[in-house]
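Report on the structure given below.
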Amino acid sequence: MLRGIGEPLELREQEANVKPTPPTTVPEPTAANVTLTQLPVPESKVPHRELIGRETTSTDSADLGWRVRQAQKGRVGPGSVERRATGESADLEVLPLRSTAAEVATLDAGCGA
């Protein structure tokens, strides 16, 4: 019975005599180890512009960092986004139009379709 009480007391004494380890210090951010999300937004836009080749209106540094990482992996192509199909003229306009089926048939018959 005495042995059962003595062992925990010895363990407590040993733990109390152990020197505490000094707290680890976090290094100050330098230009070499700063991630894109830690940079201010205007500075985060520079790698975006260099890799992707176009400006962005994003004001979220996490979003800019994600876009740059995607571009580095080859998932975002450089250059501007082509919104017009090849061969379409620039003066073409799309109008919303609703017509009855009879009117469409008349128009189709008039143009030879």
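The values are calculated or read from the model by the stated rules, or taken from the named source; none is laboratory data. Predicted model only: the values in this text are computed from it and were never measured. Cβ atoms come from the backbone with ideal geometry, glycine included; neighbour counts cover every protein chain shown.
Take the conditions surrounded by 10 or more Cβ atoms within 10 Å (Cβ to Cβ), part of a loop (DSSP other than H, G, I, E, B) and modelled with pLDDT of 65 or more and apply them to residue 106. Does it pass? The answer is no for residue 106. It is to be established whether one or more residues within region 52-67 are modelled with pLDDT of 85 or more, surrounded by 10 or more Cβ atoms within 10 Å (Cβ to Cβ), β-branched (Val, Ile, Thr) and part of a helix (DSSP H, G or I). Within region 52-67, not a single residue is modelled with pLDDT of 85 or more, surrounded by 10 or more Cβ atoms within 10 Å (Cβ to Cβ), β-branched (Val, Ile, Thr) and part of a helix (DSSP H, G or I). Does residue 77 count as at pLDDT below 85 and closer than 23 Å to residue 37 by Cα? Considered against the rule, which asks whether it is at pLDDT below 85 and closer than 23 Å to residue 37 by Cα, residue 77 comes out as yes.
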